[in-house]
1. Can Leu307 be described as touching a strand residue (DSSP E or B) at 6+ places or on another chain (Cβ under 6 Å) and closer than 18 Å to Thr190 by Cβ?
2. Test of understanding: among Glu198, Glu160, Glu220, which residue is at pLDDT 95 or above, over 21 Å from Arg332 (Cβ atoms) and not aliphatic (A, V, I, L, M)?
3. Being under 25 Å from Tyr380 (Cα atoms) and over 21 Å from the mean Cα position of the chain (by Cα), is that true of even one residue in region 198-218?
4. Of all residues in region 174-198, how many are surrounded by 24 or more Cβ atoms within 10 Å (Cβ to Cβ), of a type in the set (Gly, Ala, Ser) and not in a loop (DSSP other than H, G, I, E, B)?
5. Taking region 369-389 as the search range and keeping residues that are of a type in the set (A, V, I, L, M, F, W, C) and in a loop (DSSP other than H, G, I, E, B), which one is surrounded by the most Cβ atoms within 10 Å (Cβ to Cβ)?
6. Report, ordered by the first and then the second residue, all pairs with beta carbons closer than 9 Å, sequence separation of six or more or different chains, a first member in region 149-176 that is free of Cβ contacts under 8 Å to residues at least 60 places away in the same chain and under 20 Å from Val208 (Cβ atoms), and a second member that is hydrophobic (A, V, I, L, M, F, W, C) and exposed (fewer than 14 other Cβ atoms within 10 Å of the Cβ).
7. Tally up the residues in region 330-368 that are in contact (Cβ under 8 Å) with a residue 12 or more places away in the chain, assigned to a helix (DSSP H, G or I) and out of contact with any Asp or Glu (no Cβ under 9 Å at 6 or more places or on another chain), please.
8. Assess whether Asp327 counts as being of a type outside the set (A, V, I, L, M, F, W, C), at pLDDT 90 or above and out of contact with any helix residue (DSSP H, G or I) (no Cβ under 6 Å at 6 or more places or on another chain).
Amino acid sequence: MSATACPIERIVKRDGNIVAYDRDRIATAIFKAASTVGGTDRGLAEDLAGEVERRIVEVYGPFSMPTVEEIQDIVEEVLIKNGHVKTAKAYIVYRHERAQKRAGRDARIEATDNIPYKKIYEVLRWNMDHGCETVDGLNGIIARGRFPELIRACDERYDEEVAAGAKLVIERLPDVRIVIIAGPSSSGKTTTTIKMSEALKAAGMELVAINIDHYFFDLEMHPKDEFGDYDYETPQALDLSLINQHLFALLEGRTIKTPHYDFKTGKRTLDVHEMTLAPNQILLIDSLHGLYDAMTASIPASKKFRLYIETLGQLRDGQGNFMRWADNRLMRRMIRDSWHRNLQPLQTLAHWHYVRRSELKNIIPFIGTVDYVVNSAMPYEIPILKAKLFHYFPEAMQLYREEPKRQDAYIRAKRIYELLNGVNPVMDDSVVPRKSLIREFIGGSEYHY
């Protein structure tokens, strides 16, 4: 039975949402379980997924809508029936661990409100008001020649949010001496820092930005993962002790010399950039790990204003699936890394597992502690990103499909490919203003990064 001939079209997720059925997800889950016990045959996993599919139809009938849990039960049954006992046990353990993680995650969200629901609702309403909450809506805007209007509206919304954040800082003066702009990778922290500086300068305040990227240790000192790849995403790759020393000294009015880090050579030079913070100045920190307590442990909380930025996009495909925020940021970084960090887009895709691991450990748990949230997702960027990146995803799917340790990259590439497949690309990005946040990633900005 082929995937196209299967009479199962929809399934019910744990949260009650109805999504498209995808046999490949079953095959991937079986393959990942098999790989933990030494299996390397992706083709066998696909054959077993086909048998699972046939069994679903037998048990629940054609055109039924089974739940995720019901499908998982049949996966276990098929594995055991076909003599793959070790794989079945690994699958059961994996299923249990995922359930435990979900339970823990749900408890944390309830306790700390890590998901900014009110902000997400505002983003969705804004998208609906501008007709860009779906891929079809976005395509319609392009077809009607209204793409430049959408760009202007998106940029204005973002600029207004940054200005509102600056106003909150002003209201807390003179206590606030440090503004921390934090968020996950490629959320737009650097541009937001620059625009915050502009907004506060217009109000008569002078800001000084400290570049935390210069505090990376030499590359050979960075932790490595199971593939032997260097990890830029962990806070332990930064000289946290030196950062705290310098922050404390700056707030006392002393002069410091920050290091300089060269991403192309992976080397740090100490005592390069001289810096002083005058009494009428505010220090801005633009950092992936700005919310990580150890980064600013030497500074009292009353002296810090914490702003969080994330791509809180609310864009749905033809099946009603929302684009994941992390996928939006991954595409941005695939482009930026190619010209800023000398990495090819597929390298960024393959290395993204540490980015997500670090975000979930060192950023997400602290969202509830921030003073303000900015949405950096721009609906108009998706057609532009497609034009620049779409051809990489089929290649990635083919490259990582048979690699047990790269299944996360395969799943990610497939998910992005399926969303972008329905988007009409915009090849000419000249209509994007030189001060737009997206220029931080696609190049051509008036700002210096």
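1. Details: touching a strand residue (DSSP E or B) at 6+ places or on another chain (Cβ under 6 Å): yes; closer than 18 Å to Thr190 by Cβ: yes.
Answer is yes for this residue.
2. Working: Glu198 fails: at pLDDT 95 or above; Glu220 fails: at pLDDT 95 or above.
Only one candidate qualifies: Glu160.
3. Our first condition is that a residue be under 25 Å from Tyr380 (Cα atoms); within region 198-218, this holds for 198-199.
If we keep only those that are over 21 Å from the mean Cα position of the chain (by Cα) as well, we get 198-199.
Yes, the conditions are met somewhere in region 198-218.
4. 1
5. Step one: filter region 369-389 for residues of a type in the set (A, V, I, L, M, F, W, C), giving 370, 373-374, 377-378, 382, 384-385, 387, 389.
Filter again for in a loop (DSSP other than H, G, I, E, B), leaving 370, 377-378.
Working: Val370: 18, Ala377: 23, Met378: 25.
Among them, the one singled out is Met378.
6. That search, which allows pairs on different chains as well, returns Ala163/Ala202; Ala166/Ala202; Ala166/Ala203; Lys167/Ala203; Ile170/Ala203.
7. Keep residues of region 330-368 that are in contact (Cβ under 8 Å) with a residue 12 or more places away in the chain, which gives 330-336, 339-342, 345-346, 348-359, 362-368.
Remaining after also requiring assigned to a helix (DSSP H, G or I): 330-336, 339-340, 345-346, 348-359, 362, 364-368.
With the extra rule that they be out of contact with any Asp or Glu (no Cβ under 9 Å at 6 or more places or on another chain), the set shrinks to 330, 333-335, 339-340, 349, 364-365.
Qualifying residue count, region 330-368: 9.
8. Details: of a type outside the set (A, V, I, L, M, F, W, C): yes; at pLDDT 90 or above: yes; out of contact with any helix residue (DSSP H, G or I) (no Cβ under 6 Å at 6 or more places or on another chain): no.
For Asp327, the condition - of a type outside the set (A, V, I, L, M, F, W, C), at pLDDT 90 or above and out of contact with any helix residue (DSSP H, G or I) (no Cβ under 6 Å at 6 or more places or on another chain) - is not met.
The values are calculated or read from the model by the stated rules, or taken from the named source; none is laboratory data. Because the structure is predicted, anything quoted here is derived from the model rather than measured. Virtual Cβ from ideal backbone geometry, glycine too; neighbours counted across all protein chains shown.
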